[in-house]
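The values are calculated or read from the model by the stated rules, or taken from the named source; none is laboratory data. As the structure is a computational prediction, the values presented were derived from the model and not from experiment. Here Cβ is always computed from backbone atoms with ideal geometry, including for glycine, and neighbour counts include all displayed protein chains. Quick note on the areas: whole protein, heavy atoms, side chains included, nothing else; ligands and nucleic acids left out. Shrake-Rupley method; radii C 1.70, N 1.55, O 1.52, S 1.80 Å.
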Amino acid sequence: MKKEELENNINNYDASSIQVLEGLEAVRKRPAMYIGDIGERGLHHLIQEVVDNSIDEVMGGYCNKIFVTLHADGGCSVEDNGRGIPTDPHPVKKISTLEVVMCTLHAGGKFDKNSYVVSGGLHGVGVSCVNALSKYVKVTVNRDGKMVEQEYKYGKAISGLKELGQSRSTGTKTYFLPDDEIFTTVTFKFNKVVERLRELAYLNPGVTIIISDEVTNKSETFHYDGGLVDFVEYLDSSNETITNPIYISGKAPMGESEVQLELCFNYNKTYSETLLSYVNNIHTIEGGTHVTGFRSALTRTLNAYIQTNMNNNKKKNVLQLSGDDYKEGLTVVISLKVPEPQFEGQTKTKLGNGEVEGIVRQIVNEQLAQYLDSNPADAKKIVEKAMVAAEARAAARKQRDMVRRKNALENSTLPGKLADCSISTPADCELYLVEGDSAGGSAKQGRDRSFQAILPLRGKVLNVQKSRINKILENEEIRTIITALGAGFNDDFNFEKCRYGRIILMADADVDGSHIRTLLLTLFFNYMRDLIINGMLFLAQPPLYKIKKGKHEYYAYNEEERDQIIQRIRKDSPNVKMHTGDEDIEEDGEIDDTSNVTKVGNIVISRFKGLGEMNPEQLWATTMNPETRTLLRITMEDAANASLAFQTLMGDQVEPRRKFIEENALDVVNLDV
């Protein structure tokens, strides 16, 4: 910067440069700070914020029904039969309390321990953010024998309280229409909303949650009296179990308040662990002290049971069982209610309350010991499975040592087929795991060698959902991946030691490519999950089509985008015939989706059958150039459904997989029926 420009900038920086954002203006100015992002995830977070208010009423014992409707006009409404938001004048603000709640940050009943003993919303920003990020909101409250209503636009009230009449019921109904000038998409997805509502119904037994979609006419009702027991059975529905669900619950004082613990676990014949933990219905992706307390109690109690009841077992004298051995085939859901939770970690979803660990450990120790004594058959099955796991762990130690690296940035032990990058700062580097040597060759030539590394994979990697850890570490392709990343494996995995800040899966856009991506995702989900938690795992998005007219080339990632590009070309050149998807092309013929090359007038449409067909320049321009590429980040937003999907698609049971394909085939592919 020139000296004159610097002086001007200094002189122009005065009191008038300091902006004060009033009310909800800050939310509209920086929405991602409050809801994560402005894409699909952030859009659906709006529903979650409103539903969470209703769930807080459920936890308080004031509500047992919640209705969620996705409206044809693009809006959403959430209605409950709770107490209803207070509407009387606020003693400080001198306006209705409803308007204070809807239009003021950090305002709500969650700060008052008399209103909510436990709550998922602790900061009072939820529903006010929804209001700020919506074009229109209408709240209807049934309370104190009457029904009242208030309307808002862009976070500001546009009407006073309107009394609509008398009411014998109580509750709140909130309708909101997301602002399409803020969100990149304003289309709610039924299946995405369903996932969270199902989870909440399991976590809050007795509540009935009904969702309906006016566009698709789909509807679902969730009600589970069994709570966590039903949840565990749902998660294990694709597995063959070896025990009955073991349910544990208890309460204990913590300071001036009380902690409530519920957990349920089961063992199945798989080799991986499924653990979901929640605090006040918030999914604690990174675990925390409640998870540590459970693991410690499980290991200690089972080892004590072996010591007391299985002294004649010879295997006991050979193997010392550890916590890792008791993880194999374990499915567990932990739900904790804490009045003042302290969250930490990368995603702020790791419980940090130190007292909780001892409380959970004590409750689990006592009740699990009683269960094992009363159910010796289940106890024996759990111990025998853990012993087999310990044998596999011992066999795997040698393989693990082979892939473990002393220095994460030391290149001397890297796989020979890895084309590494020159930059040594992990945060600036990215690794492409590429399907096939042909595509790997193009990627190596087309990449930016300074920060992009390429690791070609031969064939399909091992399905880790069906394999024990010793077999997994014997697999050459998996060993190569682990060595290239340099961050360890399973419980030894440390994402901070990873040699790359981004790991990108790049496979063909066909069925085989999808299979390979699923196998790799299964590997990362089960044994390197911190990569997903910390947002380091991505899917590359190679194009399906190249559209060429003269010297100009365009790329399309699906059929719809292909037709849009052709339409734009036709507008510039009216003599070119256009394929609209439903109409036939009289002179030039229809576009053949199965052919490599199709001509529409003087437009040439090429369909890529695989990454190997793209030359290095094309691969760089479409899939690897940070300025033009599209990457999909893999997240842990819905771990329960991800776990179930991996078990269904990659597990030993054939029938659940067949049922999944039959139920979803028509939604995924275009079939003539």
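Using R0 = 41 Å, the C-beta based FRET efficiency linking residue 564 and residue 422 works out to 0.55. Taking 25 Å as the limit for the C-alpha separation, the pairs 192/497; 135/162; 571/599 exceed it in the case of 192/497.
Rounded to the nearest whole Hz, the Karplus-based 3J(HN,Hα) values (6.51 cos²θ - 1.76 cosθ + 1.60, θ = phi - 60°) of region 254-261 follow the sequence 9, x, 8, 10, 9, 9, 10, 10, with x at glycine and proline.
On average, how much accessible surface per residue is there in region 342-393, in Å², for a 1.4 Å probe, leaving out ligands, DNA and RNA?
On the way: 2520 Å² over 52 residues.
Accessible surface, normalised per residue, equals 48 Å².
Taking a sphere under 15 Å around the Cβ of residue 354 and counting the other residues whose Cβ falls inside, with K and R at +1 and D and E at -1, yields a net charge of -2. Remark: the residue 216-residue 185 segment gains 9.4 nm on full extension, using 0.36 nm per residue and subtracting the alpha carbon distance.
Annotation: peptides 88-96, 546-554, 256-264, 520-528, ranked by per-residue average of other Cβ atoms within 10 Å with the highest first, follow the order 520-528, 256-264, 546-554, 88-96.
Report the gain in length on full extension from residue 92 to residue 572: 0.36 nm times residue separation, minus Cα-Cα distance, nm rounded to one decimal.
Contour length minus the Cα-Cα distance gives 166.6 nm.
Coupling constants for region 182-189 follow from the phi torsions by the Karplus curve (6.51 cos²θ - 1.76 cosθ + 1.60, θ = phi - 60°), and in residue order they are 9, 8, 6, 9, 10, 9, 6, 9 Hz; glycine and proline get x. Residues in region 355-371 carry Karplus couplings, in order, of 5, 5, 4, x, 5, 5, 4, 5, 5, 5, 3, 5, 6, 5, 4, 5, 5 Hz; the curve used is 6.51 cos²θ - 1.76 cosθ + 1.60 with θ = phi - 60°, and Gly or Pro positions show x.
With the highest mean first, a sort of the peptides 469-481, 129-141 on other beta-carbon atoms found within 10 angstrom per residue produces 129-141, 469-481. Remark: accessible surface ordering of 189, 417 (largest first) is 189, 417, probe radius 1.4 Å. Paramagnetic label reach from residue 491 (point 7 Å along Cα→Cβ; backbone nitrogen cut-off under 18 Å): within region 223-244, no residues. With labels modelled as points extended 7 Å from the Cα through the Cβ direction, what inter-label distance (nm, one decimal) is found for residue 32 paired with residue 251? Roughly 4.4 nm, to one decimal. Take region 175-289 with all the other protein chains still there, run a 1.4 Å probe, and you get 39 Å² of accessible area per residue. Split the accessible area of region 420-532 by element, probe 1.4 Å, and carbon with sulfur accounts for 43%. The fraction of accessible area contributed by carbon and sulfur in region 181-242 is 44 percent, rounded to a whole number (1.4 Å probe; ligands and nucleic acids excluded).
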